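The values are calculated or read from the model by the stated rules, or taken from the named source; none is laboratory data. Only a predicted model underlies this, so the values are computations on that prediction, with no experimental measurement involved. Positions of Cβ are backbone-derived with ideal geometry, glycine not excepted, and every protein chain shown enters the neighbour counts. All accessible areas refer to the heavy atoms of the entire protein, side chains included, with ligands and DNA or RNA removed. Shrake-Rupley method; radii C 1.70, N 1.55, O 1.52, S 1.80 Å.
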Amino acid sequence: MHTTFSELSSVARGLTPAKVSGTVAAITGLSLTVAGMTRAMGIGQRCRVHGARGPILGEVVGIDEQGTHVLPFGTWDGVAAGDRVELSKDGAMLRPDDSWIGRVVDALGQPLDGAGHLHEGNLPRQVKAAPPSAFARRRVGAKLDTGIKCFDIFTPLCRGQRMGVFAGSGVGKSSLMAMLARRAEADVIVVGLVGERGREVQDFIQEDLGAEGMARAVLVVSTGDEPPLMRRQAAWTATAVAEHFRDQGKQVLLMIDSVTRFAMAQREIGLSGGEPPTSKGYPPTVFSELPQLLERAGPGTGTAGDITGLYTVLVDGDDMNEPVADTVRGILDGHVVLDRAIAERGRYPAVNLQKSISRMLPDCHNAAEYAVLQAARRVLAKYGDMEELIRIGAYRPGTDAETDAAMRFHAPAEAFLSQRKHESMPADQSFAEIYQLLGQANVDVVLPKVPAAG
């Protein structure tokens, strides 16, 4: 009697797989060393440690002559030397689904909002995946109308672009993200709150996003009290969810707050794995993980949609040149700098227009818009150069025509660019109004000549 291949396959699928296990050899801080599984476990694989309080999920972060080093997705409370360790059959995979829109999940894709079971999709997706091929990707697409005056005029955001928002604490990053989530042109919005304060999660959902924002958003949340693996995983999970919707041909806005906390989590993981600290205590893997995360956003390929990425960077001590900020700025397609001094003057969003730039300029503006932008930048820069002299009364009006125009333009422009969280203005109207302000201040705007008809 001959057995067919299909029959053998059916039998094989019904077999119970052999369990590969080892034991806990040592625990030092967050790092647990497993003995007896060096050949069976590789970097990034997951395992379950069976302690007195139940199984704890962990991930392999290092291997040496002492054994395999594992960090937890929780804590090692209750784990003792000799406890059993088994390979986890659930790898670093995620099954996003369209029904996730409007839901809040944790870094492992489990529901946090108490809204019932979270349906899983049919196709598993690697949480940490490679970005699309550089040669297969489309170019960055059309300009997006964000409804935020500072963005639409001075730092335009295009479809598939990746923009960084650099700021110290308490300068309005979350409010700026909420304004974009409410108004930006996108089919789906994916928000990754990485290392966020626990009390601020509900504030962001109810006050900042509101029902309008949540109706098309997926939130991935890992609070600051969670282990570093969970905080790092939240950024990867949010990106994987965005990739799911992108592959369906949808336009996705991905917002991660903040990349700095992702880097800090990776620093803890790297140091626990025995890596040497380098720049400001960050190990080398931090600077290799950042481009792998950020490059996954951007234009899609073929019939896929695009992921427009917005990443906040929490600059330490308002130092815009600290290692993480400097690295991220070099990877992204533009940066918006929020200035504490501007926030203290009461102008929100507190965007420093001179230090902010979109690398999509000048192509994303038409000729007339770019002329208005150049005139506004020039006159605001002139005011910035003369500001100290003006404040102390050392400048006498009438001495320089350009400085006089800058003084006339500055105050109305500051009032115009100030915008409350729930306010919005179409980009065309924003350009028309700032052009009018330039005219009232007698600032020359060299508009392109329109060719005569016929």
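In table form, for the structure just shown:
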item	result
CD proxy at 222 nm, helix term only [per DSSP H run n ≥ 4: -39500 (n - 2.57); per residue of the chain; nearest 500]	-10500 deg cm²/dmol
Under 11 Å, Cβ to Cβ, from Lys382 - net charge with Lys/Arg +1 and Asp/Glu -1	-3
Pair Arg391, Tyr370: separation of 7 Å Cα→Cβ label points (nm)	3.5 nm
Relative contact order (percent, whole number), the range 331-426, Cα cutoff 8 Å, 6+ residue spacing	28 percent
Value of relative contact order over the range 145-266, rounded to a whole percent, pairs C-alpha under 8 Å and six or more apart	31 percent
Acute angle (nearest 10 degrees) that the helix 367-391 long axis makes with the longest principal axis of the chain, alpha-carbon atoms	80 degrees
Nearest-0.05 FRET efficiency for Asp113 and Thr38, computed from C-beta distance (R0 56 Å)	0.85
Relative packing of 378-386, 314-322, which averages over residues the other C-beta atoms within 10 Å, highest first	378-386, 314-322
In degrees, nearest ten, helix 173-183 long axis to first principal axis of the chain (Cα)	80 degrees
Cβ charges +1 (Lys, Arg) and -1 (Asp, Glu), total dipole of the range 228-273, debye	80 debye
Kirkwood hydrodynamic radius (C-alpha pairs) into Stokes-Einstein, the range 263-422, 20 °C and 1.002 mPa s, D in µm²/s	112 µm²/s
Accessible-area ranking of Glu387, Glu59, Glu207, largest first, probe 1.4 Å	Glu207, Glu387, Glu59
Of Lys89/Lys128; Lys149/Lys173; Lys173/Lys355; Lys355/Lys382; Lys128/Lys250; Lys143/Lys250, those spanning more than 19 Å from alpha-carbon to alpha-carbon	Lys128/Lys250
Per-residue SASA entry for Lys143, accessible area with 1.4 Å probe, Å² rounded to 10	60 Å²
Peptides 108-121, 329-342 ordered by average Cβ neighbours within 10 Å, highest first	329-342, 108-121
Simple spin-label estimate for Thr28 and Gln292 in nanometres, 7 Å along Cα-Cβ	2.4 nm
Peptides ranked, highest mean first, by Cβ atoms within 10 Å: ranges 409-422, 208-221	208-221, 409-422
Positive-end extreme of charge dipole, the range 115-220 - chosen from Gly172, Gly141, His117 (charges on Cβ)	Gly141
Radius of gyration and Dmax over the Cα atoms of the range 86-224, both given in Å	16.8, 56
Environment charge of Met41, counting only residues whose C-beta is closer than 11 Å and scoring Lys/Arg +1, Asp/Glu -1	0
Ranked order, Trp76, Trp100 - accessible area, probe 1.4 Å, largest first	Trp76, Trp100
Angle in degrees between helix 427-440 and the longest Cα principal axis of the chain, rounded to the nearest 10	30 degrees
The chain, dipole about Cα centre (Lys/Arg Cβ +1, Asp/Glu Cβ -1), debye to the nearest 20	620 debye
Potential extension, Asp98-Gln126 segment - 0.36 nm per residue separation minus Cα distance	8.4 nm
Residue order for Thr75, Thr301, Thr33 - accessible surface, 1.4 angstrom probe, largest first	Thr75, Thr301, Thr33
Carbon + sulfur, % of accessible area of the chain - ligands and nucleic acids excluded, 1.4 Å	52 percent
Mean separation of Cα contacts under 8 Å (6+ apart) over length of the chain, as relative contact order %	16 percent
The chain shape via C-alpha gyration tensor axes, a/c threshold 1.5	prolate
